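S.K.: Take a look at the following structure, please.
The values are calculated or read from the model by the stated rules, or taken from the named source; none is laboratory data. Since this is a predicted model, take the numbers as computed values, not measurements. Using ideal geometry, Cβ is built from the backbone for each residue, glycine included, and neighbour counts are taken over all protein chains shown. All accessible areas refer to the heavy atoms of the entire protein, side chains included, with ligands and DNA or RNA removed. Shrake-Rupley method; radii C 1.70, N 1.55, O 1.52, S 1.80 Å.
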Amino acid sequence: MTTPQTKPRPGPMKLTDAMQYRLPLAGIVSILHRVSGLALFVLLPFIIWLFDLSVSSEVSFERFTSVFSVGVGPLPGVLVKLVVLGIIWAYLHHFIAGVRHLWMDATHSVTKEHGHSSAVVTAVASLALTALLGAKLFGLY
């Protein structure tokens, strides 16, 4: 009986080595799923404040709409719109990537080809919907 050959253990990884590695699209989408979830969690107080401002009363709704045109405190309205656009992307990406993960878990679709194709659908759908809603947010239609 022969012993299996093992590869020599690599030395400590250098940052330059890590920067040369090309992460596949499925890996990037998976990392962005985590990043978007963290962004939604961190921005949750801002999201709740905007929601409360929009539904409390007619006066608060007027204040809510003025936040997007005038701004709030030292922040101009354009910056508020960009933050809200980031929240829109984070929500859409997190939702679509979550459905992707649930679909892969339910159907046991864990091949490289399916992972890549579902990552493409996730990235394109989240960016397209974000662009569509961003156009509405910035008043293009």
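S.K.: Cα to Cα, under 18 Å, and not fewer than 8 places away if on the same chain: which aspartates and glutamates meet these conditions relative to LYS81?
M.R.: In chain and number order, the partners are ASP52, GLU62.
S.K.: Separate question: I'd like the accessible area for VAL124: 1.4 Å probe, protein heavy atoms, all chains in place, Å² to the nearest 10.
M.R.: 90
S.K.: Mind checking which helices in the chain clear 27 Å along their axis (Cα) and have mean Kyte-Doolittle hydropathy of 0.5 or more, DSSP H runs only? If you can, show how the numbers build up before the last one.
M.R.: On the way: long enough: 77-107 (45 Å, 1.20); 112-137 (37 Å, 0.77).
Membrane-span-like by this criterion, though nothing is claimed about a membrane: 77-107, 112-137.
S.K.: Rounded to the nearest 0.05, what FRET efficiency do LYS112 and PHE41 give with R0 = 22 Å and r taken as the Cβ-Cβ distance? Could you check?
M.R.: For LYS112 and PHE41, the calculated efficiency is 0.10.
S.K.: Considering Cα pairs under 8 angstrom that are at least six residues apart, work out the relative contact order of the chain and quote it in whole percent.
M.R.: Reported relative contact order: 28 percent.
S.K.: Further question: Can you pull the percent of region 65-104's accessible area that's carbon plus sulfur, 1.4 Å probe, other chains left in place?
M.R.: 83
S.K.: Whenever you get a sec, line up ASP105, ASP52 from highest to lowest accessible area (probe 1.4 Å, protein heavy atoms).
M.R.: Final ranking, largest accessible area leading: ASP105, ASP52.
S.K.: I'd like to know how region 1-127 sits against the 2.2 N^0.38 Å rule of thumb: what's its Cα Rg over that expected value?
M.R.: 1.58
S.K.: Right, here's the next one. Using a Gaussian network for the chain with springs between C-alpha atoms less than 10 Å apart, which of these wobbles most: SER56, SER117, SER69?
M.R.: SER56
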